[in-house]
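Contents: one structure, followed by commentary.
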There are 2 protein chains.
Amino acid sequence: MLRNQDQILSKIANNDGHGENSAFFDGWKAYDADPYHPTLNPNGVIQMGLAENQLSMDLVEEWVRNNPKASICTAEGASQFKDIAIYQDYHGLPEFRNAVARFMEKVRGNRVRFDPDRIVLSGGATGAQETLAFCLADPGDALLVPTPYYPGNDRDLTWRTGVELIPIVCDSSNDFKMTRDALETAYKKAQESNTKVKGLLLNNPSNPLGTVLDREALSMAMKFINDKNIHLICDEIYSATFFDEPGFISIAEIMQESPDSNPDLIHIVYSLSKDLGFPGFRVGILYSYNDAVVNCARKMSSFGLVSTQTQRLLAFMLSDDAFVEKFLAESAARLGARRGVLCGGLAQMGVGSLKGSAGLYCWMDLRRLLKAATFEAEMELWRVIVNDVRINVSPGASFHCSEPGWFRVCFANMDDETMRVALSRISKLVMQTNNSEAAAARKPCRRRSKLEISLSFKRMDEIMMSPHSPMTSPLVRTRT
Amino acid sequence: MLRNQDQILSKIANNDGHGENSAFFDGWKAYDADPYHPTLNPNGVIQMGLAENQLSMDLVEEWVRNNPKASICTAEGASQFKDIAIYQDYHGLPEFRNAVARFMEKVRGNRVRFDPDRIVLSGGATGAQETLAFCLADPGDALLVPTPYYPGNDRDLTWRTGVELIPIVCDSSNDFKMTRDALETAYKKAQESNTKVKGLLLNNPSNPLGTVLDREALSMAMKFINDKNIHLICDEIYSATFFDEPGFISIAEIMQESPDSNPDLIHIVYSLSKDLGFPGFRVGILYSYNDAVVNCARKMSSFGLVSTQTQRLLAFMLSDDAFVEKFLAESAARLGARRGVLCGGLAQMGVGSLKGSAGLYCWMDLRRLLKAATFEAEMELWRVIVNDVRINVSPGASFHCSEPGWFRVCFANMDDETMRVALSRISKLVMQTNNSEAAAARKPCRRRSKLEISLSFKRMDEIMMSPHSPMTSPLVRTRT
């Protein structure tokens, strides 16, 4: 039987543009193959590679129980089943778009307004990103994106569109901030290879950094894209995950303050997967200030609309002002406390992490644990972490980081006890490394002179027992 | 302010590949602008351009009320809210894929088996079609498709993929059946223009014809694609809408009976939008016998997954054997009865329609009402129907029909009373035409000699009052 797949399938089917051959996804597979469970599989892999917000789901469940009318599958709502099930207008339910617009405003402190008629639905942020790439760029055109960046961008923006991503190289010397110089360098590099740059993609708050862009950075980016007459895509899917100063500033605010900038160039990607924690519901939002993009993207939304059953539920939920305010405040408090547990625990082991105020992860600095300052050494350490330490974190290389030794560690997809076990495991890794380094130091020839040994770290058990441990935060304890 | 959209947007955004500039969609707009309502807007446009199955929704609503555990938004199901909301595996919920596979088997009389691991989720059939085009063909490659065909195919399969559709010309001389000659002619034409043909797209049951492909036609198609080593995409989204002999035969049955055919070439597109009547839920299914396509399409499903809230509900619903059997039987009976009302009513006016046994529409023959046998005349008549008769039907030209004068008329998206009003309106159109023809015939110079006048039609009011009218079918009356 003829099975010459290469010839009968498309080039897209035969290439690896999906990007699944990456440590980012390999780590997920390692977890899937042997998932940790406190009693059933206590030696399994702990999943810290998934940016999922599970810390406030009890609030949502409570709301759902108290609002049976919001669903078309309850005695109170079933009379609406037919009208909702047959609604397939690609504009989406008006009440849903209104509710999403208001929610986006609340997340931004009501400092900006969003027009529900500019809200386009898509299948998750994944679909929104691809839709924008299809609208803005032709195959071979490029978008600039600062490193490190979310690995899914390669799949979402380039795989089926033929668009390219060109990295803007950022590094730890200035806490991975994007400078105008770095932007110009990337732009120039594209020009030199005759690649047409159609836009700049920013992710704010940043995944994987956990940082937010400040007003200066956003204004600089806004000026740059206006100077070059290229698009600015702002991926703001983590906008409600900030829990500390500096707070989140949306590109929408900068636009309001920049009367000379061209609104046709500005587009926001949003989702309810991270801020509310509903990735399964596949709610993606594309908000554009460009009428032609709104019209075109709306037609494309036929390829990935949000289920009207879900639209209807969320229209009710997001219209409940009291619930939304409570959720946003409580969620931020719990995320902040949880990050405190992780980063505080790491700090006490002598492991640093980039200062951050948002996101569902921290950017952990394991440079001193590398055998050499190379990505091979990073991968070697990563294998130890996944296979021996038994936690899945994501190595910087999978985020196109320019510097080896950084790892993204997710902290909001588990309960307190699992976090405690994870910290304990990391602690053992650090201790082993320190011990072997100390042994090496006692030898005449010290092989890794650049590595500094933190002698001040405590054993994890001590940290956990301390009354000052962030694990005892009352905010964390309010979780069910 | 610079607003040079053509330059800053993509070619896709600037072309009209979406196909919205068609009478098919213009008719929807005419309805949207002035929708009929029996009391609030009795002179509004009646929507007969929408293939929607609303006739059995009472059964679904009853099931939903009786099965609160199926929903994660009821007291009985809310404890599952978190697990369902965070599930984002692109394989889909295993219980959902199992239930869909079993449902697809039941619809096909349990004569074939479907493997749940070959079921790939997508955002409606729209997303499934595009995904297949991305997997199977490169830009510039072509798929053959018999005419008349669903206008959305142009958007779904070609707009963002760059793939082309090449028509296989069918006509009324043999009831629009696809012959091997017609297939070979289309294939040869593609070769002559140096276009690589990658597949054949069949829609069975057919939209807009309302007919099913018989065993001979399916076997012929199967042999053709194996001879040419090209793909066969079978769009079977209307598979459960058949209500009469000849029954529906799936390509899956033919495949089972053709051990020499290459399974790597066979792909089925499915959806729950038509068979169950849930277009708003955006449940698309791609079923491929080709492992590489399953793997690639599954990765692409990230762009348009089905909401897990909806997956969970439908997993329960489709697993309820008693409900599924009752629904399929009752839905078929109601669809058949409703088609009888429409086609019977038309026949009594002297208006013919293609004999059909499936679908949510009939293929109405208004050739004798055309001023000339041209598509201009068809469009002129269509404008009269939409603007004066005040019903939206879809002209054959929008389905790439090769012969002017055919119109698709949908019958399952309205209640009995609206159907009565619609028939009454069509009756007036036919009477007016007949009267003016009769007047013309009395003049010495008869201008349109080819048009035959049916003198046997009755006034619509008479039809409606007749005890033999299909409007009085008890099956129709069981509807709420």
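Just so you know, all these numbers are worked out from the coordinates, no wet-lab data involved. Remember, it's a predicted structure, so these values are computed and weren't measured experimentally. Neighbour counts run over all protein chains shown; Cβ positions are idealised from the backbone, glycine included.
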7 Å along Cα→Cβ for the label point: how many nanometres lie between residue B:440 and each equivalent label in the other copies, listed shortest first? 9.6
Distances from residue A:191 to the same position in the other copies: list them in nm, one decimal, shortest first, using label points 7 Å from Cα along Cα→Cβ. 5.1
Tilt of helix A:416-442 relative to the longest C-alpha principal axis of chain A, in degrees (0 to 90, nearest 10)? 40
Rg and Dmax in Å for the range A:88-319, alpha carbons only: what are they? 16.7, 52
Taking each residue of A:80-90 in turn, how many C-beta atoms of other protein chains fall within 10 Å of its C-beta, and what is the average? 6
Using the count of nearby Cβ atoms within 10 Å as a rough guide to exposure, how do B:267, A:37 rank from fewest to most? A:37, B:267
Given the peptides A:324-331, B:47-54, A:254-261, arrange them by the average over their residues of other C-beta atoms within 10 Å, most packed first. B:47-54, A:324-331, A:254-261
Any chance you could give the angle, 0 to 90 degrees and rounded to 10, that helix B:23-33 forms with the longest Cα principal axis of chain B? 80
Taking the DSSP beta bridges in the range B:88-319 as the whole, what percent of them are antiparallel, to the nearest 5? 35
For a Förster distance of 45 Å, can you work out the FRET efficiency between the beta-carbons of residue A:347 and residue A:194, rounded to the nearest 0.05? 0.40
Size of the protein assembly as shown as Cα extents on the principal axes (Å, biggest first): 118, 64, 60
Exposure proxy order (Cβ contacts within 10 Å, fewest to most) of B:18, A:231: B:18, A:231
Share of Cα-Cα pairs in the range A:150-224 beyond 19 Å, in percent? 40
Karplus-derived 3J(HN,Hα) from phi for the range A:143-155 (6.51 cos²θ - 1.76 cosθ + 1.60, θ = phi - 60°), whole Hz, x at Gly and Pro, runs 10, 8, 8, x, 9, x, 9, 3, x, x, 4, 4, 5
Once you wrap a convex hull around the alpha carbon atoms of the range A:51-210, what is its projected area averaged over all directions, in nm²? 12.7
Could you work out, residue by residue across B:133-139, how many beta carbons of other chains sit within 10 Å of that residue's beta carbon, and then give the average as an integer? 5
Principal-axis tilt of helix B:215-228 within chain B, Cα atoms, nearest 10 degrees: 60
Among bridges DSSP assigns within chain B, what percent are antiparallel (round to 5)? 50
In what order do B:173, B:271, A:239, B:436 fall by count of nearby beta-carbon atoms within 10 Å, going from fewest to most? B:173, B:436, A:239, B:271
So if we plug the beta-carbon distance of residue A:29 and residue B:11 into 1/(1 + (r/R0)^6) with R0 = 41 Å, what FRET efficiency do we get, rounded to 0.05? 0.60
Over the whole of B:286-293, what's the average partner chain Cβ count within 10 Å per residue? Rounded to a whole number, please. 2
The range A:47-109 and the range B:336-390 have their Cα centres apart by a whole-number Å value of 42
Quick check: the distance between the Cα centres of the range B:270-305 and the range B:145-162, to the nearest angstrom? 17
How far is it, in nm, from the label point at residue B:253 to the one at residue B:69 when both lie 7 Å from their Cα along the line to the Cβ? 3.5
Given 0.36 nm per residue, what is the gain on full extension from residue A:439 to residue A:62 after removing their alpha carbon distance, in nm? 130.3 nm
Antiparallel versus total DSSP beta bridges in the protein assembly as shown: what percent is that, nearest 5? 50
What nm distance separates the two modelled labels at residue B:417 and residue A:384, each placed 7 Å from Cα along Cα→Cβ? 7.8
State the extension gain, in nm to one decimal, for the chain segment bounded by residue A:223 and residue A:291, taking 0.36 nm per residue of separation less the distance between their alpha-carbons. 22.4 nm
Which pairs in the list B:69/B:106; A:274/A:326; A:198/B:29; A:29/A:198; A:106/B:82; A:11/B:228 are over 26 Å apart, alpha-carbon to alpha-carbon? A:198/B:29; A:29/A:198
Once you have the Cα-Cα distance between residue A:95 and residue A:110, take 0.36 nm times their residue separation minus that, and quote the gain in nm to one decimal. 3.5 nm
Sorted from shortest, what are the nm distances separating the label point of residue B:380 from equivalent points in the other copies, each placed 7 Å from Cα along Cα to C-beta? 8.4
Scattering from the C-alpha atoms of the range B:1-107 alone, worked out with Debye: what is log10 I(q)/I(0) at q = 0.15, 0.22 1/Å? -1.01, -1.15
Just to confirm a number: summing +1 for Lys and Arg and -1 for Asp and Glu over residues other than residue B:360 whose beta-carbon lies under 13 angstrom from that of residue B:360, what do you get? +3
Give me D for chain B in µm² s⁻¹, whole number, from Stokes-Einstein with Rh from the Kirkwood sum over alpha-carbon pairs, 25 °C and 0.890 mPa s. 103
